[in-house]
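Each reported figure results from applying straightforward, stated rules to the coordinates on display, with no laboratory input. Values in this document were obtained by computation on a predicted structure and should not be read as measured data. Neighbour counts are summed over all protein chains in view; Cβ atoms, including those assigned to glycine, are modelled from backbone coordinates with ideal geometry.
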Amino acid sequence: MKIDAPAPLRLSVSEVASPLGCIEVILDEAGIIRGLDFGSGLPRIRQRMSRLYPGLALRAGEAPSRVTEALEGYFEGAPDALARLDCATAGTRFQEQVWTALCDTPPGATRSYLDIALQVGSPKAVRAVGLANGSNPVSLLIPCHRVIGRSGALTGYAGGLERKAWLLDHEGASLESRTRRHSSAVISQ
């Protein structure tokens, strides 16, 4: 669950195994997730954390059992298991609007960048939605993998398109249903 939280004083980084490889989890001193991304030691998430929280070094730590259990639950077929994890982001006002809209997309469903732009009241900001999506510091918790191209095609995902396809299939969103849902959304607009 996305929450408002004060700026962190300390950040720790830990790694959690998953069927898609290592997941790096960055938590603050209160146990709130500030970063979550696929890969180990990737500069992408570390650079993002240094931009969001300048001057805070990442220290090695161990993910609390509630985090590992929620991730295990998700990968074992309970997509709502991640909803019980608290995360905090530090984006711009527009990014926060986009990330909130992403959280409204349930497991098994997909939305286009245009759908998100319309939801946040900026129908011409499709590219800006894409940039906000790509700046999401807590992949999986804010489900940016559920955003697809207007045609129904899989488009950019920082974790890689193979992971995105796996995650969507894991959540029950088939390519055929993604295209059908998208087409009906466009027709009704």
Positions within region 37-81 being in contact with a helix residue (DSSP H, G or I) (Cβ under 9 Å, 6 or more places away or on another chain) and of a type in the set (Lys, Arg), in sequence order: 66
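Within region 78-121, track down each residue that is among the hydroxyl-bearing types (Ser, Thr, Tyr) and crowded, with 18+ Cβ neighbours inside 10 Å. Walk me through it before giving the result.
Filtering region 78-121 down to residues among the hydroxyl-bearing types (Ser, Thr, Tyr) leaves 89, 92, 100, 105, 110, 112-113.
Across region 78-121, the qualifying residues are 89, 105, 110, 112, 113.
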Which one of these does residue 82 not meet: (1) hydrophobic (A, V, I, L, M, F, W, C); (2) touching a strand residue (DSSP E or B) at 6+ places or on another chain (Cβ under 9 Å); (3) closer than 17 Å to residue 141 by Cβ? (2)
